Amino acid sequence: MNVGIVGLGLIGGSMAKSIKTRTGHTVFGADLDAETMTLARMCGAIDGVLTEDALSRCDLILIAIRPGAAVEWVRSHAPQIAKSAIVVDLCGVKRVVVESITPLAEQYGFAYIGGHPMAGRERGGFTASSEDLYVGASMILTPDKRTDMRLLETLQAFFLDLGFAGLTFSQPEEHDRIIAFTSQLAHIVSSAYVKSPEAQRRRGFSAGSFQDMTRVARLDEDMWTELFLDDSDYLVKELNILIGHLTDYAQALEDRDAERVRALLKEGRELKASAGGN
């Protein structure tokens, strides 16, 4: 199978490396950064450049760039995409991307499905990418009533070959609602947490809890600004819920109400236990 990958950063670069390490597929890559393209070719992550000719011969196209850029790329390259091809975007939000690319797929006759690999690292770029990034991860796909079952079977086999533990099916609306809580909120909390003056004076006083809370503060502000704004309705709702809970803790501490503090902590512990998993 010929696989085209648009964007060779952490996500796309890891896809390329995983494909070349774990399958016999041919990979064509495209990235705006010339150094990234050179590195990808030198280390064998791609077999060639995703030219217009190579694009027309691709059976599967993975788009691993920001949402707005992904939509624009499909809009400008749709005429070169084979009608037999499957296009999967790997963006961190789904509504705005799916709503824009679906009509283009219908117009030009190729298959399209939204996707989101649930894996990442605090540092981005091709140099941070890895052939084992997706091992044990979940791959979210957003099929609709037009999605062919054979397409899903093809994608399931493909992603399982890359080390994914399995597929999770969702609707774009559901995806964006849940991801606002499980991912985007965590990045905002981490970014806000490190702004305390004590963060600069903590040497010798920090351990695992501090590392856990601050890891994702090393974010790409341009990418995450776009993701946050594309999902702002659900993200603002989650932020307001969190602010309400934090206010409860602050008030109980101000009042030196030990029973209230204990009750709040017990409630959090029990909710975590009932949620299970990580």
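The values are calculated or read from the model by the stated rules, or taken from the named source; none is laboratory data. None of the values given here were measured: they were computed from a predicted structure. As a convention, Cβ positions derive from the backbone with ideal geometry for all residues, glycine included, and neighbour counts pool all protein chains shown. Only protein heavy atoms, including side chains, enter the accessible area calculation; ligands, DNA and RNA are left aside. Shrake-Rupley method; radii C 1.70, N 1.55, O 1.52, S 1.80 Å.
To keep it simple, each residue is scored yes or no on (1) more than 15 Å from Leu90 (Cβ to Cβ); (2) open to solvent by 50 Å² or more (accessible area, probe 1.4 Å); (3) among the β-branched types (Val, Ile, Thr); (4) touching a Ser or Thr at 6+ places or on another chain (Cβ under 8 Å).
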| site | (1), (2), (3), (4) |
| --- | --- |
| Ile101 | no, no, yes, no |
| Ser130 | yes, no, no, yes |
| Pro143 | yes, no, no, no |
| Thr154 | yes, yes, yes, no |
| Phe159 | no, no, no, no |
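Residues checked against (1) surrounded by fewer than 23 Cβ atoms within 10 Å (Cβ to Cβ); (2) touching a Lys or Arg at 6+ places or on another chain (Cβ under 9 Å):
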{"site": "Gly13", "(1), (2)": "no, no"}
{"site": "Ala16", "(1), (2)": "no, no"}
{"site": "Lys20", "(1), (2)": "yes, no"}
{"site": "Gly29", "(1), (2)": "no, yes"}
{"site": "Ala34", "(1), (2)": "yes, no"}
{"site": "Asp47", "(1), (2)": "yes, yes"}
{"site": "Glu52", "(1), (2)": "yes, no"}
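Among the residues examined, Val96 qualifies as open to solvent by 50 Å² or more (accessible area, probe 1.4 Å), under 26 Å from Leu235 (Cβ atoms), among the hydrophobic types (A, V, I, L, M, F, W, C) and at pLDDT 95 or above. Looking across segment 161-172 at every residue that is free of Cβ contacts under 8 Å to residues at least 40 places away in the same chain and among the hydrophobic types (A, V, I, L, M, F, W, C), the one that is least open to solvent (accessible area, probe 1.4 Å) is identified as Leu167. In segment 24-38, is there at least one residue being hydroxyl-bearing (Ser, Thr, Tyr) and without any contact (Cβ under 8 Å) to a residue 60 or more places away in the chain? Scanning segment 24-38, I find at least one residue that is hydroxyl-bearing (Ser, Thr, Tyr) and without any contact (Cβ under 8 Å) to a residue 60 or more places away in the chain, so the answer is yes.
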